[in-house]
Amino acid sequence: MKKSKLLLASSIIGTLYLIYLIFYFTNNFIMSKDGAEIIGAGLAAALVMPHTVCVGIAVIFNWLGWALKVRWGALVAGIMYAVSMVCMFLYAVFVLIEMIFCFIAFAKMKHASEKNNSNS
């Protein structure tokens, strides 16, 4: 069975988005000058943290699903991307493509494994 191109694309996009999230919110916190800005940046980072954690978990399982060619990795990644959408609905558009790619790859991997079983 070949490695899924959809999972690879989803992994790359998800990783880039995770790096952006981490860089953006840590940079805002570091660049804050006075007390109000620091509190605001801290609150913003705290509000986005559940979304960031879910995206991080999704990216890990996304890469595992691609590297090990396992269906459950693609499924867990897709579910975690969906959970991250619920955690921060305003950022849902940034993980929508990754989620769709994971679920399509999961379905295709099932189809491919069924073909392999019938040929054996």
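Every number in this text was worked out from the coordinates using simple rules, so none of it is lab data. All of these numbers come straight from a predicted model, not from anything done at the bench. Counting neighbours? That spans all protein chains shown, and the Cβs are built from the backbone with ideal geometry, glycine included.
Condition first: of a type outside the set (D, E, K, R), touching a Gly at 6+ places or on another chain (Cβ under 8 Å) and surrounded by 20 or more Cβ atoms within 10 Å (Cβ to Cβ). Can you find one or more residues in the range 37-55 that meet it?
Looking through the range 37-55, at least one residue is of a type outside the set (D, E, K, R), touching a Gly at 6+ places or on another chain (Cβ under 8 Å) and surrounded by 20 or more Cβ atoms within 10 Å (Cβ to Cβ).
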The residue that is nearest to Val95 (Cα to Cα), considering only those in the range 34-52 that are touching a residue at least 24 places away in the same chain (Cβ under 8 Å) and out of contact with any Phe, Trp or Tyr (no Cβ under 7 Å at 6 or more places or on another chain), is Thr52
